[in-house]
Each structure stands twice: as C-alpha cells, then as structure tokens.
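For reference, the structure discussed in these notes is given below.
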C-alpha cells in the first residue's frame, strides 16, 4: 500500500513570479505547476478515453483586485508524472499567466490547483 501511495500523482506549485507593470496598479502573475509524482494525473490512458477523470485545473480567486487577462479557471489538461517526463521534466510542468489590476489595499490572489488524482494545492499571493 505504501508503494502505491508513493507512485500516485502529486501536484505542487513550484514557483510564482509577480512583476509590477504599473506600480500599485497592475501586476503580472505567473505560476509554474508540476506533477512531482511518478504517475500522470490521469493514471492511465484508458481513463482519458472513458472520460473517468477531469483534467487538472488552476482556479484563481481575487480579493481587492480584478483580472485583466488570463482566465479565473484554466484547464491544465492531464499532467505527466516523472515516469513519462524524461530528464527535462517539461511534460510534467504547466505555467499559468495572469494580468491583474489592483483595486484596493491588501490585494490578494488565491491560486488553487485541483486534480481528481493529483490532489489540491493552494497558495496565497500578496499583490501589493
């Protein structure tokens, strides 16, 4: 049972990058998401064909801010695990990008990554 748990997909937010486009008004937010588990988030190709599992998704919630570009809900697809990624690991990574207008003090972005088999991971990002 422990071996099965260790091979399961596991999503993580590797990094977030916040760049000011217009100081205290507009920022660009990028986040790199990775499946650090051995198996892909869909587990098997058959599960995709049978439509058994939803693809991984990035969900952005904003407080005292407004989305300018990007989507509040982004479909990331099924993300490969280390089994299929090779040495570079690029197949196991996805990047989401947003442009955000700050509308008040203490602006916060909450980024949630959801996957049926890869779990749920959240990160709060202060925008100003």
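Here are the numbers for this structure:
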quantity	calculated
Criterion (more than 19 Å from the chain's Cα centre (by Cα), closer than 22 Å to residue 95 by Cα and surrounded by 17 or more Cβ atoms within 10 Å (Cβ to Cβ)) met by exactly one of 56, 65	65
Qualifying positions in region 17-55 - touching a strand residue (DSSP E or B) at 6+ places or on another chain (Cβ under 7 Å) and in a loop (DSSP other than H, G, I, E, B)	24, 25, 36, 41, 55
Residue that is surrounded by the fewest Cβ atoms within 10 Å (Cβ to Cβ), among those in region 68-92 that are on the phi > 0 side of the Ramachandran plot and at pLDDT below 95	86
Among (1) touching a residue at least 60 places away in the same chain (Cβ under 8 Å); (2) on the phi < 0 side of the Ramachandran plot, the one test that residue 24 misses	(2)
Region 11-35 - residue that is over 14 Å from residue 126 (Cα atoms) and surrounded by 15 or more Cβ atoms within 10 Å (Cβ to Cβ) and, of those, farthest from the chain's Cα centre (by Cα)	35
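The values are calculated or read from the model by the stated rules, or taken from the named source; none is laboratory data. Note that the coordinates shown come from a computational prediction; the quantities given were computed from them, not determined experimentally. Note that each Cβ is placed from the backbone with ideal geometry, even for glycine, and that neighbours are counted across all protein chains shown.
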